[in-house]
Amino acid sequence: MLNRATPPCSWSLVLQGVFPVLCLAVTPADGHAQDPHDEVFAETDYPSASQCAACHQQIYSEWSSSSHAYASISPMFHKFEQRINDLSAGTIGYFCMRCHASVGTTLGESRDMPLTERAQVSREGVTCVSCHRVDQQYGRVNGERRIEPGPIYDPVYGSTGADTLAAVIASSDRFRVQTSAAETGPGVPIHREAIRFEQLSESEFCVSCHQVAVHPGIKLEVVWDQYRASPAADAGISCQDCHMGQTPGQPDGYATAPSAVLAGVPINPTRKHTNHTFYGPGYASAHPGVFPHNPAAERWTIDEWLRFDFRAGWGTDAFEDRLAGGQVQVNFPEMWAEPDDRYEARDIVQQNLAKLEEKRELRRQVMENGSKLDGPFFSGDPRRGGALKFHYTLTNTNSGHNLPSGSLGAQPELWLNVALIDPDGQRIWESGYLDSNGDMADLHSLDVLAGRIPHDDQLFNLQTKFLTQNVKGTDREMYLPINLDVDQLPFIRPAGQPVSVLNHPPGVRMESRSLPPLSSRDATYTVPGDLLTRPGTYRLAVRLRSRAEPIYFMKFVGATEEMERAMNEWMLDIHPYTVEFEVR
């Protein structure tokens, strides 16, 4: 029988002989290995964020739409994770899951287990216990952190202790709380102790998932490398100061808020509040019934939500009136046949879309707080028939890491879109335009490759790419650090020589175009003189654009059209403005 203090089986631990006797498994019809204790562990020894929400509603609300909460749900992550395993003949294994589904890895869930079959706490990605049940200091260990098992009553670890917790427990009847399953009567289950864990408030706590290298030595996450060499690190500014403070992306201190609300009573209301939105540029492309996390949405399964057509207006008065009047006919799936269910589901979708809009605004703030765009600066006086030369200056005002910060080479995307409008209001020139898929017109654009649109020769793009050597020629840009031309079976294996000799794996390196902290770069443009055919008032419109994934990369991993549509819909425009000038 498993001891409660022993974590459930991880097959990596089985192979290492750590739990040779305790690990038992059964194989269901679908072929996935499953620990018979998984369900018990998921509900008791690894509490769900929904359980924590009973007392920590503000923190749960912030976390529910965060990138941490999205880590395991992300359909793009699952498409990519499967694709990279297919390409590498499975040699990646559960590597990616260690960060994206830390509890699922601890539970021994197979890396290819469908999301619908995973435990609720596993689907929560970087959930409460992923950080607050860690009691050992870790460094650069590629996501291998141990989560302390235990029911919700067991101690949690935080940046401070909880002197007020003892007073709450002493008045358990007043606050209607329970610290043990043996206690009778009504009460909200709470942890009986909060222990200070210093590293939780230090940048080093973030390293194991935000500085990641795969076996050949190529770095997929380089945030820590950037941060440790930054002015912010020299000044003692932590990751948490900018990503969990009161101002998105700025070390402006912290707001105050209760540590919990019990029986309607705010506990320690002047306490320092670390915002669990974890400000950043990322966003979701999942169905809004599935994400953000919403306890009310758990009434339906993920599969059922994916069959709810929110874009068609199901559950809105307008749609339901047209349906009742016979103007539309729909063959509803069984779970959505009743109007009341559709109305309830629509309420949840609207709540989640509102949360995503809040996140969009926070994304805009963190990007605008971390960058500055100046210009245009003209070279000479603009004249009819003469080439118009100008530039903009983009500055990374963030002192902590590059703009954008590096991740996976192929993403994130950050580029300038500049357009010239003539006196008649016609757009006569543009750079940073998109093809029919939504991609920039660079060497990876499918439309450029097919000759349907011209290559954007003046594109200002801060997207980092991988460069690989091939048997077909010299270096070329790739969006994965796998040399598909050289190796028929591109196993992700250790390099044949120390990476330190070349400072990068043989045949693969990253071409970083991002801006280091507090640095600037000019984006220079030339408009041919034959486009300025008449004098008058012209306008230059500019915006910095941010997107989490390139569409060509999404197609490469097999993303659905709905995923691509959502990726483009939630794309962000930063510092948009227009200036007027005279052409004589």
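The values are calculated or read from the model by the stated rules, or taken from the named source; none is laboratory data. What you see is a predicted model; the values in this text were computed from it and never measured. Don't worry about glycine lacking a Cβ; one is built from the backbone with ideal geometry, like all the others, and counts go over all protein chains shown. SASA here: full protein model, heavy atoms, side chains in, ligands and nucleic acids out. Shrake-Rupley method; radii C 1.70, N 1.55, O 1.52, S 1.80 Å.
When 523, 559, 495, 566 are checked against the criterion of being modelled with pLDDT of 95 or more, of a type outside the set (Lys, Arg) and either open to solvent by 40 Å² or more (accessible area, probe 1.4 Å) or part of a loop (DSSP other than H, G, I, E, B) (or both), 559 stands alone in meeting it.
Out of the residues in the stretch 305-325 that are open to solvent by 50 Å² or more (accessible area, probe 1.4 Å) and not aliphatic (A, V, I, L, M), state the one that is farthest from residue 118 (Cα to Cα). The qualifying residue farthest from residue 118 (Cα to Cα) is 325.
Within the stretch 69-90, the set of residues being in contact with a Leu (Cβ under 9 Å, 6 or more places away or on another chain) and either of a type in the set (Gly, Ala, Ser) or over 16 Å from residue 558 (Cα atoms) (or both) comprises 72, 73, 88, 89. Among the candidates 414, 443, the residue that is among the aliphatic types (A, V, I, L, M) and at pLDDT below 95 is uniquely 443. Looking across the stretch 267-304 at every residue that is part of a loop (DSSP other than H, G, I, E, B) and surrounded by fewer than 16 Cβ atoms within 10 Å (Cβ to Cβ), the one that is nearest to the chain's Cα centre (by Cα) is identified as 301.
Rundown of residues vs (1) without any contact (Cβ under 8 Å) to a residue 60 or more places away in the chain; (2) farther than 27 Å from residue 79 by Cβ; (3) small (Gly, Ala, Ser), yes/no style:
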{"site": "261", "(1), (2), (3)": "no, yes, no"}
{"site": "272", "(1), (2), (3)": "no, yes, no"}
{"site": "279", "(1), (2), (3)": "no, no, no"}
{"site": "288", "(1), (2), (3)": "no, no, no"}
{"site": "294", "(1), (2), (3)": "no, no, no"}
{"site": "300", "(1), (2), (3)": "yes, no, no"}
{"site": "326", "(1), (2), (3)": "yes, yes, yes"}
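Which residues, counting only those in the stretch 162-179, are open to solvent by less than 40 Å² (accessible area, probe 1.4 Å) and free of Cβ contacts under 8 Å to residues at least 40 places away in the same chain? Spell out how you get there, then give the answer.
Restricting attention to the stretch 162-179, the residues satisfying the condition of being open to solvent by less than 40 Å² (accessible area, probe 1.4 Å) are 162, 165, 168, 172, 175, 177-179.
The answer is 165, 172, 178, 179.
Select from the stretch 443-460 the residues that are without any contact (Cβ under 8 Å) to a residue 40 or more places away in the chain and in contact with a Phe, Trp or Tyr (Cβ under 9 Å, 6 or more places away or on another chain) and list them in ascending order. Show your work before the answer.
Taking the stretch 443-460 first, the residues without any contact (Cβ under 8 Å) to a residue 40 or more places away in the chain are 443, 447-457.
Those that are without any contact (Cβ under 8 Å) to a residue 40 or more places away in the chain and in contact with a Phe, Trp or Tyr (Cβ under 9 Å, 6 or more places away or on another chain): 453, 456.
Working carefully through the options 343, 392, find the one that is hydroxyl-bearing (Ser, Thr, Tyr) and not in a strand (DSSP E or B). Step through it out loud before you land on a result.
Values: 392 fails: not in a strand (DSSP E or B).
Exactly one of 343, 392 is hydroxyl-bearing (Ser, Thr, Tyr) and not in a strand (DSSP E or B), namely 343.
Screening the stretch 99-127 for residues that are in a helix (DSSP H, G or I) and in contact with a His (Cβ under 8 Å, 6 or more places away or on another chain) and picking the one that is surrounded by the most Cβ atoms within 10 Å (Cβ to Cβ) gives 115. Total residues in the stretch 180-214 satisfying the condition of being more than 23 Å from the chain's Cα centre (by Cα), open to solvent by less than 60 Å² (accessible area, probe 1.4 Å) and among the hydroxyl-bearing types (Ser, Thr, Tyr): the figure is 1. Just wondering, is there one or more residues in the stretch 212-234 that are within 30 Å of residue 54 (Cβ to Cβ) and either aliphatic (A, V, I, L, M) or outside any strand (DSSP E or B) (or both)? Checked the stretch 212-234: no residue is within 30 Å of residue 54 (Cβ to Cβ) and either aliphatic (A, V, I, L, M) or outside any strand (DSSP E or B) (or both).
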